[in-house]
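The values are calculated or read from the model by the stated rules, or taken from the named source; none is laboratory data. This one's a predicted model, so the numbers in the text were calculated from it and none came from an experiment. Backbone-built Cβ (ideal geometry, glycine too); neighbour counts: all protein chains shown. These area figures cover heavy atoms from the full protein model, side chains too; ligands, DNA and RNA do not enter into them. Shrake-Rupley method; radii C 1.70, N 1.55, O 1.52, S 1.80 Å.
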Amino acid sequence: MIDLLEAKEQSETEHGKPVSKKRDEIIQIGVDSFAAALPNDGKGVVVAASDSIRNLVERIKLADQVGLDIFGVGEHHRREFLDSAPVAILAAAAAQTQRIRLTSAVTVLSAADPVRVFQNFATLDLLSQGRTEMVVGRGSFTEAFPLFGLQLKDYDSLFAEKLDLLLNIRENEFVHWSGKHRAPLTGQGIYPRPMQNPLPIWLGVGGTPESFARAGMLGLPLMIAIIGGETRRFRPLVDAYREYGRRAGHTPDKLKVGVHALGYVAETTQQAIDDFFPGYAKSFTRIGKERGWPPVTRAHFDAVRGEHGALLVGNPEEVAEKILRHAEALGGISRISFQMDVAELPQAKQLRSIELVGTRVTSDLRKKA
């Protein structure tokens, strides 16, 4: 693998000329959800799991109505999230929306059969009339491995092998393939085929250099989960991704970069902070206990909400400005998605935030670009 510093230097020039960093490129705006099982509706009334799922579909419908570009549903196998079968949720949304693109965020490919993954998303693509994508990754939690009889020691090899098979299926109706973790395919047809050819597949990554390199070599668009720290710290990894892609012969239009960010928009910055911080602190303190992180403090929150921090929390104009700073920090991005339901926000506040993102943030973003 090439050195990250070398990649950064090489990505800044192409054939000896500076690479243009355009600010006027259209950035797709979307929302991601983990189908959080909300504890209450903002009035102290417990929300049933069935109502939480129905509320999520309502949020996707509103995102479509206000003109957002994409809505993603994650995949987890934990009590606090209801997204263990994201394609079922997206299918319900597909039947009630017109133009918004529907994606996973992310599909935990390591723990899934690529044949079934492709079949499910191909069916969703037919149902949505060509509005389906998927973001595949290894996931940030490990519950799926024992649940499906897999070994954590195979974490890397499972994903690499299954991604190879998934891409093979995408390219070929009849598949000849063999690997270590699955029975071989000897020319079987994989059906149905999607409306889109090829079906868009993004690679979801955290901060592992090998994942950025893999995406570049394969020419897959990249979706980076940036949920803390400063966005600009990912720039060397993004530069390496682009350089690996260039060396593999992929054109710049294939090497798209998207960002999955924690975010929430309200009419005023203070309201956004007051709404978002309590649930954010609760959720990430709970997750932190599992991973050895310190409890979330208000000082930590203020730091990651600051000028260069990852959080997109504030009023519409402030958030639009920060999206442009994220884009500049990474040398340009094609997409950014807000993840807001981990903050345990009631449905009414999430709906209002989606409305503000779709009307005010996108408008401000176009004016400032």
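Phi angles across region 131-141 convert, under the Karplus curve 6.51 cos²θ - 1.76 cosθ + 1.60 with θ = phi - 60°, into 3J(HN,Hα) values of 10, 9, 9, 9, 10, 10, x, 9, x, 9, 10 Hz, Gly and Pro given as x.
As a fraction of the 1.4 Å probe accessible area of the chain, surface on carbon and sulfur atoms comes out at 52 percent. Return, ordered by residue number, the residues of region 323-347 whose backbone nitrogen is under 14 Å from a label point located 7 Å along Cα→Cβ of N40. From region 323-347, the list is 344-347.
Under the criterion of Cα pairs below 8 Å and six or more residues apart, the relative contact order for region 181-312 equals 24 percent. For the chain, averaging the sequence separation of C-alpha pairs within contact (under 8 Å, six or more residues apart) and dividing by the residue count gives a relative contact order of 20 percent.
A DSSP coil position with no more than 12 other Cβ atoms inside 10 Å describes the following GluC sites (Glu not before Pro) in region 303-369: E307. Between D253 and N197, the modelled labels are 1.9 nm apart [label points 7 Å from Cα along Cα→Cβ]. Pairs spanning more than 26 Å between alpha-carbon atoms, out of K322/K349; K256/K289; K256/K282; K61/K254: K256/K289; K256/K282; K61/K254. Per-residue ellipticity at 222 nm, computed for the chain from helices alone with -39500 (n - 2.57) per DSSP H run of at least four residues, works out to -13000 deg cm²/dmol.
Given their separation in residues at 0.36 nm each and the Cα-Cα distance between them, R116 and Q28 gain 28.8 nm when the chain is fully extended.
Proximity of backbone amide H atoms, modeled 1.01 Å from N, is registered between Q188 and V175 at under 5 Å, excluding neighbours fewer than 5 places apart on the same chain. From the alpha carbon centroid of region 138-187 to that of region 119-135 is 20 Å.
When the label point is put 7 Å from the Cα of K153 along its Cα-to-beta-carbon vector, which residues of region 166-188 have a backbone N closer than 18 Å? Correct set: 180-182.
The calculated FRET efficiency for R54 paired with D274, based on their beta-carbon distance and R0 = 22 Å, is about 0.25.
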